[in-house]
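Trainee: The structure that follows is given in the form of structure tokens.
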Amino acid sequence: MNFRFPMLSVFAGLVLWVPTLWAQDLGPGFTKVKDGIYVYAPDATTTTCSFVVTQEGVVLIDSCNSPLDSRRMLASVKKVTDKPIVFLIDTETHSDHTANHFVFSPPATIISHEGAGAAMGKEFDPKRAETLGAKSPEMREAVQGYKMIAPQIEYKDKMTINLGERTFELIYLKNVHSEADTAIWLPKGRVLFAASAANVRRFINLRPSVVIPDVLASYKLMKSLNPEIVVTGHGPATTTKTFDEYEGFYTLLLKRVGDMAAQGKSLAEIKKELKMPEYADWHDQDRLEVNIDAAYKSVKK
């Protein structure tokens, strides 16, 4: 049985009031955040994946971190509804979000932003199934049938899907994480899937294509939607508080890097000397250096 009540959510010192419904029958890591909207976020760092039930079928958000997680997701969908999986929407291109399309498609039609298929092709590892299968008998079974499946539909800038009683608004987020990032807005439920532009108290692995001012612009855009619940690419469901925290982090990082660069310090010196003690409790501290790289690129323009 699912119980509905406002829950006080505590994560790494961050206290949030989130109206949460725990999907106890689906197993650890699953949370029912709204009627018909389920999020699988087993911990702070594992890739988040979700599904939304409509009168006409199911929409998946990302294909999960591993084939085992994908199989759990598929089983959970079948526990909740007998309706087919109609669409799978990718929030980014990286393999921890997209490599398990094969579990769901067919029948699901995969939707990503323009250029996503090419980016996935560049990252494709033909030995992935062999490598994963060697880890355990369970994984070997889960990876059966593995193959790369590129998106069947790629949109440009914005796309709206009306399925049953729900509307899904897809919004391109430029230069925030991967080659093609998508935020997904459900206006009727006020639930926002924010991709990996933000996580929850975690240093993000910023690739060279990421532009911090564009990341900050994406937070402004997503906050303007006034979502009640925010589901990030990694970590538990939260609120727009996570955007505020990342805005604070990047603003402070840009200032400190800019001040040190103005003093004539090299990038190597800044990486060695710069500290961010205010964020000592964030996950993945080893990623601070790539964040400094991105900040240095911004301040030196």
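The values are calculated or read from the model by the stated rules, or taken from the named source; none is laboratory data. Keep in mind it's a predicted model, so treat the numbers as computed, not measured. Positions of Cβ are generated from backbone atoms using ideal geometry, with glycine treated the same way; all protein chains shown enter the neighbour counts. Accessible surface areas use protein heavy atoms only, side chains included; no ligands, DNA or RNA. Shrake-Rupley method; radii C 1.70, N 1.55, O 1.52, S 1.80 Å.
Trainee: Please tell me if Asp281 is acidic (Asp, Glu), part of a helix (DSSP H, G or I) and over 19 Å from the mean Cα position of the chain (by Cα). Reasoning before the result, please.
Mentor: Details: acidic (Asp, Glu): yes; part of a helix (DSSP H, G or I): no; over 19 Å from the mean Cα position of the chain (by Cα): yes.
So Asp281 fails the test.
Trainee: Every residue in region 82-95 that is out of contact with any helix residue (DSSP H, G or I) (no Cβ under 9 Å at 6 or more places or on another chain) and either closer than 23 Å to Lys156 by Cα or open to solvent by less than 20 Å² (accessible area, probe 1.4 Å) (or both), please.
Mentor: At the first step, the residues of region 82-95 found to be out of contact with any helix residue (DSSP H, G or I) (no Cβ under 9 Å at 6 or more places or on another chain) are 82, 84, 86-87, 89.
Those that are out of contact with any helix residue (DSSP H, G or I) (no Cβ under 9 Å at 6 or more places or on another chain) and either closer than 23 Å to Lys156 by Cα or open to solvent by less than 20 Å² (accessible area, probe 1.4 Å) (or both): Val86, Phe87, Ile89.
Trainee: Any idea which residue in region 135-150 is nearest to Asp90 (Cα to Cα), counting only those that are of a type in the set (Gly, Ala, Ser), in contact (Cβ under 8 Å) with a residue 12 or more places away in the chain and part of a loop (DSSP other than H, G, I, E, B)? Quick ask: steps written out before the conclusion?
Mentor: Quick first cut of region 135-150, residues of a type in the set (Gly, Ala, Ser) only: 136, 142, 145, 150.
Imposing the further condition that a residue be in contact (Cβ under 8 Å) with a residue 12 or more places away in the chain reduces the set to 142, 145, 150.
Cutting the leftovers down to part of a loop (DSSP other than H, G, I, E, B) gives us 145, 150.
Numbers: Gly145: 20, Ala150: 11 Å.
Out of the qualifying residues, it is Ala150.
Trainee: Could you check region 257-288 and list, in sequence order, the residues that are basic (Lys, Arg) and within 18 Å of Ile204 (Cα to Cα)? Please lay out each step first, then the result.
Mentor: First, the residues of region 257-288 that are basic (Lys, Arg): 265, 271-272, 275, 287.
Lys271, Lys275, Arg287 - these are the residues of region 257-288 that are basic (Lys, Arg) and within 18 Å of Ile204 (Cα to Cα).
Trainee: Taking helices (runs of 4 or more DSSP H) that fall entirely within region 199-273, which contain at least 1 residues that are within 20 Å of Ala180 (Cα to Cα) and in contact with a Ser or Thr (Cβ under 7 Å, 6 or more places away or on another chain)? Walk me through it before giving the result.
Mentor: Values: elements: 212-224, 241-262, 267-273.
Hits in region 199-273: 212-224.
Trainee: Something else: Would you tally the residues in region 117-134 being in contact with a helix residue (DSSP H, G or I) (Cβ under 8 Å, 6 or more places away or on another chain), without any contact (Cβ under 8 Å) to a residue 24 or more places away in the chain and not in a helix (DSSP H, G or I)?
Mentor: Residues meeting the conditions: 1.
Trainee: Here is a further query. Are there any pairs with C-beta distances below 7 angstrom linking a residue in region 158-183 that is farther than 17 Å from Ala194 by Cβ to a residue that is among the charged types (D, E, K, R) and part of a loop (DSSP other than H, G, I, E, B), with the two at least 6 apart or on different chains, and if so which?
Mentor: Between residues of region 158-183 that are farther than 17 Å from Ala194 by Cβ and residues that are among the charged types (D, E, K, R) and part of a loop (DSSP other than H, G, I, E, B), the close pairs are Leu163/Glu56; Gly164/Glu56; Arg166/Lys188; Thr167/Lys188.
Trainee: Mind checking which pairs have a first residue in region 49-64 that is more than 21 Å from Ala194 (Cβ to Cβ) and outside any strand (DSSP E or B) and a second that is modelled with pLDDT of 95 or more and aliphatic (A, V, I, L, M), Cβ under 9 Å, 6 or more apart or different chains?
Mentor: As it stands, the answer is Gln55/Leu163; Glu56/Val86; Glu56/Leu163, since those pairs meet every condition given.
Trainee: Let me ask another. What number of residues within region 65-96 are in a loop (DSSP other than H, G, I, E, B), charged (D, E, K, R) and over 18 Å from the mean Cα position of the chain (by Cα)? Quick ask: steps written out before the conclusion?
Mentor: Here is the first cut: in region 65-96, the ones in a loop (DSSP other than H, G, I, E, B) are 65-66, 81-84, 90-94.
Still in the list and also charged (D, E, K, R): 82-83, 90, 92.
Subsequent filtering for residues that are over 18 Å from the mean Cα position of the chain (by Cα) retains 82-83.
The number of residues fulfilling the criteria is 2.
Trainee: Anything in region 101-149 that is within 24 Å of Pro84 (Cβ to Cβ) and out of contact with any strand residue (DSSP E or B) (no Cβ under 9 Å at 6 or more places or on another chain)? List them, or say none.
Mentor: Residues satisfying the conditions are Phe102, Val103, Pro106, Glu141, Ala142, Val143, Gln144, Gly145, Tyr146, Lys147, Met148.
Trainee: Then there's this: Please pick out the residue among Pro67, Pro106 that is over 20 Å from Pro236 (Cβ atoms) and open to solvent by 10 Å² or more (accessible area, probe 1.4 Å).
Mentor: Numbers: Pro67 fails: open to solvent by 10 Å² or more (accessible area, probe 1.4 Å).
None of the others qualify; the one that does is Pro106.
Trainee: Specify which of the listed residues (Asp281, Asp259) is acidic (Asp, Glu), out of contact with any Gly (no Cβ under 8 Å at 6 or more places or on another chain) and open to solvent by 50 Å² or more (accessible area, probe 1.4 Å). Steps first, please.
Mentor: Details: Asp281 fails: out of contact with any Gly (no Cβ under 8 Å at 6 or more places or on another chain).
Exactly one residue qualifies, and that residue is Asp259.
Trainee: Give me a count of the residues in region 184-215 that are surrounded by fewer than 18 Cβ atoms within 10 Å (Cβ to Cβ) and within 24 Å of Leu288 (Cβ to Cβ). If you could, list the steps in order and put the result at the bottom.
Mentor: Initially, region 184-215 is screened for residues surrounded by fewer than 18 Cβ atoms within 10 Å (Cβ to Cβ), giving 187-188, 190, 205, 207-209, 211, 213-214.
From the residues that got through so far, the ones that are within 24 Å of Leu288 (Cβ to Cβ) too are 205, 207-209, 211, 213-214.
Counting residues in region 184-215 that are surrounded by fewer than 18 Cβ atoms within 10 Å (Cβ to Cβ) and within 24 Å of Leu288 (Cβ to Cβ) gives 7.
Trainee: Follow-up question, since we're still on this one. Considering Ala294, Ala261, which residue is more than 18 Å from Pro208 (Cα to Cα), at pLDDT 95 or above and touching a helix residue (DSSP H, G or I) at 6+ places or on another chain (Cβ under 7 Å)?
Mentor: Ala261
Trainee: Next question, about the same structure. Out of (1) within 26 Å of Ser178 (Cα to Cα); (2) out of contact with any Cys (no Cβ under 7 Å at 6 or more places or on another chain), the odd one out for Gln144 is which?
Mentor: (1)
Trainee: If you don't mind, another one. Considering (1) under 16 Å from Val200 (Cα atoms); (2) assigned to a loop (DSSP other than H, G, I, E, B), say which one Lys301 fails and leave the rest.
Mentor: Exception for Lys301: condition (1).
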